[in-house]
Structures are given as C-alpha cells and as structure tokens.
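The values are calculated or read from the model by the stated rules, or taken from the named source; none is laboratory data. It should be emphasised that the depicted structure is a prediction, and the values quoted were computed from it without experimental measurement. Here the Cβ positions follow ideal geometry from the backbone for every residue, glycine too, while neighbour counts run over all protein chains shown. Note: accessible area is taken over every heavy atom of the protein model, side chains too, but ligands, DNA and RNA are not part of it. Shrake-Rupley method; radii C 1.70, N 1.55, O 1.52, S 1.80 Å.
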Amino acid sequence: MNLVMPQRLTSRQSINLSHSLEIAFQQVVDYLNNQRRSHEQFTLTLIAEKSQFTRFNQAKVRQTGQVEDAVLRLMWIANQRSSYREFPLTGDWLTDRQILAEALKFLRWELPQLPENPYLVLPQGDRHSHEVHVGSLLPAQTLMTEVLSAVADVDFAGIYAGGLMVRAYADSQGQFHWFATETFSLDYSFFAGTGMAVKGTFAGRDWDQAAYWDTIQNSRRQLQRLSCDPRRLDRGQYRTYLAPAAIAEMVYMMSWGGVSEADIQQGNSCFGIMRSGEKQLSPKFSLSENFSHGSVPRFNEFGEIAPAVLPIIQHGVLKNTLISAKTAKEYQLVANGAAEGENLRSPDIAPGDLAEDQILSALDTGLYVSNLHYLNWSDRPTGRMTGMTRYACFWVEDGELVAPIENLRFDDSFYTFWGENLLALTAHQVYIPDVGTYGHRALGGIWAPGMLIEDLTYTL
C-alpha cells in the first residue's frame, strides 16, 4: 500500500533539513540491505529533531538554545532471535558507515547467544508512506518578544519548545515510512502571591498571536481569582466540571491497563468488565484513535499503518482495543496497527453540546477543576482511579467563581463518572500537547472536551 499525504510546503529550511535526513536514512537502509545475508532481516527506525528550547522564569528568559539530534535504532533478526542497537545518525557517511559496521558486528556476535522468541514479529509487506507538515513557528529572533509581551507584568514561568521533528521506519522487506512535522508548545504557569498557580499550554503547528493572547487572558482571569483565601471543603460528593487538561490526565490512564488487548487477555485491564458486557459508559462518551489530526505518524514499529480513525468506545460501548502484531500472533487475532506497547497515540474524545459560556451556569454550585495530577488506579478491575486536584481549582456558587479550594483527592470509578453521572461534554475540544522531553521532544497530544459530572467522589 502506498500512502501519499498532502504537503504544506511553506518553510524551505525545514523542508531542506527533512530532505537531507531522508537521504542519509536511505543511505543507511541501502548499506544494510547490501550487508544482509539471506537468513537475516532488519528493521530501522529514526527519531530526529531540530528544536528551539527557551525557559522562562519571573517573566524573563533564563535559558535558551537549540537541540539538533538524530538517533537510529537498528533491530537485527536471524533464526527467530532479535536484538537491537541505538546510535546517532551524523549525516557524514564515512562516520555513519563505521558506526553501522560496528553495530552490525556486535549484533551478529550477540544474536546466537540469545533465546528464540516464539512471538517474534518479522517485517512483511511493501507499505510506503510520506508525510511532511511544515508549520509557521516563531523565529528565534522574535520568540522572546512575542511570548513575553503578553506576560511581562505577572510572575510567569514556562518553557517553549518548537521546531522540526522526524520519525522514520524502513526494513529489509522494502517498507519505508517518513513523517516530518514542525510544531511548538508553550507550557507555562502564572503564580499568585499566595503561592498558588494557574497552569496552561499553548501549542500547535502555526503560531497565532491573537489566539496566544486569548489563552493568556483566560489564565489571567483565573489568576485574579486565586488572590482570595482558599476554601477548605469536606470530603464528599460534589457536582464537578473537569476542564480538558484534567480529562487528558484521565485519558492517559487508559494506556495503562486499559485499551491494550494484551492486558485484557491477561486480566490486567480496567476494560475487562466492558468486554464481558457487565458495564457500559454513558452514550455521551466516545473515544477514538484519531490520526486525521496529523500530529503523530500512523505507522508503528512493525511498519504497519493504523486506520485514520479507530473507534475505541463509541457512544459508551467498547468497539475496539489496540492489538499489536505481537499480541495478534500470541492470541491468534488480527492486528489493527497498534504500537507494540498498545498505548493510545492520538486519543480524541468526541465533544458534546455544552457551550463554553454556559459552563459555570450549568455547573451552578460545585467544583471547577482545571487540572489533576498524581493519578493512579485504586482498583483497576472496577475502573476506580484516584488523583489530586492541581493548580487553579475553584468553588462555584450560583454559576459564579467564589474562591480557590485547598487541594482535594478524588477516588471514583470511570464507570460512574463517565457513566450515569456524566451530565454533559463541552461543544469545543482543546488540544493538550504531550510536552515530555525524555530523550527527545514528544509528539502529539490529546484532543479533549471539558465534562460536567454529577457527584464526583472526593475522599481527602
């Protein structure tokens, strides 16, 4: 299958860099194919980026610089055994060839000493894909001015990361995938004199200064409310509005003993009672893997291409789980393009019909929770999770923000708060980016609406 996506060719510098990396990657693939013996196979992946990082504190630049990095992961396969090495792609062929030769020598020495893997997935097929998404990012020369112009008078801290990111895959069967995208994220906090904080993110592919100012103004309004004395609430059940950032934290939990078919087969999934038909969620709730946003590649570590949209839960009913090629082989199932870890890569919760300007009036009296953290399963088989409120969370009376709250711990089952207690979802979704930088800048994020929930249980 050949997949050719539309390209937005507006940034010559990024296109040139992507093209240079692609030539260097192809050179490595050609070398490995020439070196490969008849009983050997390989897969090759590339993670590369050229990113601008700028860190802010007290509305001043504290650190700024660029990271340019490219790392190859070569998996060598022979006689039902596999092993891998990771090493840099320098773009200098003499250097890269020497590194490759040493890696190959080591892998051929190591493989006979490893046990056979009965569930080893061999590369197969002739799939090709090519996506290049070029954005409109802030130039490094004006980044500081554009960001700080909106926040110079507040205690602002955060980190901006932006630039080109590349993911690529090739194997000995001839499959080849290329994904390059320019994105940015600004992960920031405003601090009140009380020590409490408002947290926000602004992210995308095209920097929109007007949208940035709107986002900052919304955070400023919450910051003003934080100047009031916090209200201490007793444990109990409260009508609650969970903002999109809080919902995103809950959705991350679905990749941890949730949507994985292997976890269901092994009895480790919170979706087990949905699979058996004992439980369903509200018809208002739908979750899908939605690659049509173009924020992450559709191909996985096996060279497979996921569907553009894969419904996971549709109107409260479990429709699909994530099945990797490895799980499919072990349990005699059909893979659906999932990553080896069977985690959500581009989750999207469908919006509802609650207008943004009606959120507080619909909440009436209860809690406005902007963010959550320290989430964990308190009883995974029944879908019970726990976590703490975080940042700007407020007590609301008669549709008006009254006061910030002292932090609370919630503990409840999603079969309840996304089930019969789910009252409404907002008509708008917010993109919550993954701002992780462990090893390299993360791709993608979660598309989530806010949710109005009856009687969410708080235990501390």
Might you let me know whether the stretch 432-447 holds any residue that is closer than 30 Å to Arg235 by Cα and open to solvent by 20 Å² or more (accessible area, probe 1.4 Å)? yes
Run down Asn34, Asn16 and say which single residue is modelled with pLDDT under 95 and either surrounded by 14 or more Cβ atoms within 10 Å (Cβ to Cβ) or of a type in the set (S, T, N, Q) (or both). Asn16
For the stretch 360-372, how many residues are outside any strand (DSSP E or B) and open to solvent by less than 60 Å² (accessible area, probe 1.4 Å)? 4
Going by the structure shown, is Pro297 under 16 Å from the mean Cα position of the chain (by Cα) and either in contact (Cβ under 8 Å) with a residue 24 or more places away in the chain or surrounded by fewer than 22 Cβ atoms within 10 Å (Cβ to Cβ) (or both)? yes
Can you confirm whether Ser324 is out of contact with any strand residue (DSSP E or B) (no Cβ under 6 Å at 6 or more places or on another chain), modelled with pLDDT under 95, over 30 Å from Leu460 (Cα atoms) and open to solvent by less than 50 Å² (accessible area, probe 1.4 Å)? no
Considering Lys329, Lys319, which residue is over 24 Å from Ala448 (Cα atoms), over 17 Å from the mean Cα position of the chain (by Cα) and open to solvent by 10 Å² or more (accessible area, probe 1.4 Å)? Lys329
Hey, could you check the stretch 87-118 for residues that are under 30 Å from Thr327 (Cβ atoms) and touching a helix residue (DSSP H, G or I) at 6+ places or on another chain (Cβ under 9 Å) and say which is surrounded by the fewest Cβ atoms within 10 Å (Cβ to Cβ)? Pro118
Out of Leu122, Leu137, I need the residue that is touching a helix residue (DSSP H, G or I) at 6+ places or on another chain (Cβ under 9 Å), surrounded by 14 or more Cβ atoms within 10 Å (Cβ to Cβ) and at pLDDT below 95. Which one? Leu137
Top-ranked residue in the stretch 373-387 [being open to solvent by 40 Å² or more (accessible area, probe 1.4 Å), in a strand (DSSP E or B) and modelled with pLDDT of 95 or more; ranked as farthest from Gln280 (Cα to Cα)]: Asn376
Tell me, please, whether a residue that is open to solvent by 50 Å² or more (accessible area, probe 1.4 Å), at pLDDT 95 or above and closer than 23 Å to Ser295 by Cα can be found in the stretch 167-185. no
Taking the criterion of being buried (at least 22 other Cβ atoms within 10 Å of the Cβ), over 20 Å from Pro449 (Cβ atoms) and of a type outside the set (A, V, I, L, M, F, W, C), would at least one residue in the stretch 401-413 satisfy it? yes
Qualifying positions in the stretch 397-410 - assigned to a strand (DSSP E or B) and either free of Cβ contacts under 8 Å to residues at least 40 places away in the same chain or of a type in the set (Lys, Arg) (or both): Glu397, Arg409
Restricted to the stretch 181-192, and to residues that are free of Cβ contacts under 8 Å to residues at least 40 places away in the same chain and within 17 Å of Phe394 (Cβ to Cβ), which residue is nearest to the chain's Cα centre (by Cα)? Phe190
Within the stretch 193-202, restricting attention to residues that are open to solvent by less than 20 Å² (accessible area, probe 1.4 Å) and in contact (Cβ under 8 Å) with a residue 60 or more places away in the chain, which residue is nearest to the chain's Cα centre (by Cα)? Val198
Please return the ranges of strands (runs of 3 or more DSSP E) entirely within the stretch 56-146 where 1 or more residues are without any contact (Cβ under 8 Å) to a residue 24 or more places away in the chain and not aromatic (Phe, Trp, Tyr). 60-78, 81-88
Search the stretch 140-154 for residues being at pLDDT 90 or above and surrounded by fewer than 14 Cβ atoms within 10 Å (Cβ to Cβ), and hand back the single one that is farthest from Glu330 (Cα to Cα). Asp153
Determine whether the stretch 207-221 contains at least one residue that is within 17 Å of Arg390 (Cα to Cα), of a type in the set (A, V, I, L, M, F, W, C) and either touching a residue at least 60 places away in the same chain (Cβ under 8 Å) or not in a loop (DSSP other than H, G, I, E, B) (or both). no
Counted residues in the stretch 233-289 being open to solvent by less than 30 Å² (accessible area, probe 1.4 Å), of a type in the set (Ser, Thr, Tyr) and in contact with a Leu (Cβ under 8 Å, 6 or more places away or on another chain) come to 5
State yes or no: is Ser227 hydroxyl-bearing (Ser, Thr, Tyr), under 29 Å from Met388 (Cβ atoms) and under 15 Å from the mean Cα position of the chain (by Cα)? no
